[in-house]
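The values are calculated or read from the model by the stated rules, or taken from the named source; none is laboratory data. The shown structure was predicted, so the numbers you read here are calculated from the model rather than taken from an experiment. Backbone-built Cβ (ideal geometry, glycine too); neighbour counts: all protein chains shown. Areas reflect the complete protein model, heavy atoms only, side chains present, ligands, DNA and RNA absent. Shrake-Rupley method; radii C 1.70, N 1.55, O 1.52, S 1.80 Å.
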Amino acid sequence: LGALGGIYTAVVEAPAPVVVVAWDMPFVSEGLLHRLADGLREHDACLPQSGGRRELEPLCAAYGPACREAIEASLDAGDLRAIAFHARIGVGILPLSEVARFGDPEVLFFNVNTADDLGRTDELWRRLESSPSSGGRTPERRP
């Protein structure tokens, strides 16, 4: 059932609200994830604006328990878009200006889908490592 099926499984199986991140987004920051989770205090789901073609990143977002029935309805209707259920819940949008506090959105939401993307990942990683804002710290790599 694609990405929506993955979000649904996380919402159903988790004992608490969840923050999901697509496996191919290696540069999402811990701070951004915490901020998205905080958005669940006021909303059923919290998604960041991305500045990309989709404008939102549903695969880097926080989802609460109220999403379950809304996602079920979308799945039952055969609508597998990752945002198919949004009209049925309260969605909070983290503005791009706030997302940018956690890093360059183009880098944060960079997807590794091809061999060329993988090569670009190494380039971006080196750039982040040598960035003055990193304070000489190497960003934490995710497994």
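Data for the structure
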| read-out | value |
| --- | --- |
| One residue from ILE71, ILE7, ILE93, ILE89 being closer than 22 Å to LEU108 by Cα, modelled with pLDDT of 95 or more and either among the basic types (Lys, Arg) or in contact with a helix residue (DSSP H, G or I) (Cβ under 8 Å, 6 or more places away or on another chain) (or both) | ILE7 |
| Residue satisfying condition, being of a type outside the set (A, V, I, L, M, F, W, C), open to solvent by 40 Å² or more (accessible area, probe 1.4 Å) and in contact (Cβ under 8 Å) with a residue 40 or more places away in the chain, within set PRO58, PRO17, PRO48 | PRO17 |
| Residue count, region 95-116 (criterion: touching a residue at least 60 places away in the same chain (Cβ under 8 Å), open to solvent by less than 40 Å² (accessible area, probe 1.4 Å) and within 24 Å of GLY2 (Cβ to Cβ)) | 4 |
| Residue check, VAL28 open to solvent by 10 Å² or more (accessible area, probe 1.4 Å) and touching a His at 6+ places or on another chain (Cβ under 9 Å) | no |
| Top-ranked residue in region 76-90 [being closer than 24 Å to ASP24 by Cα and of a type in the set (A, V, I, L, M); ranked as surrounded by the most Cβ atoms within 10 Å (Cβ to Cβ)] | ALA82 |
| Of all residues making up region 89-114, the number that are over 13 Å from the mean Cα position of the chain (by Cα), among the aliphatic types (A, V, I, L, M) and within 16 Å of ARG127 (Cβ to Cβ) | 1 |
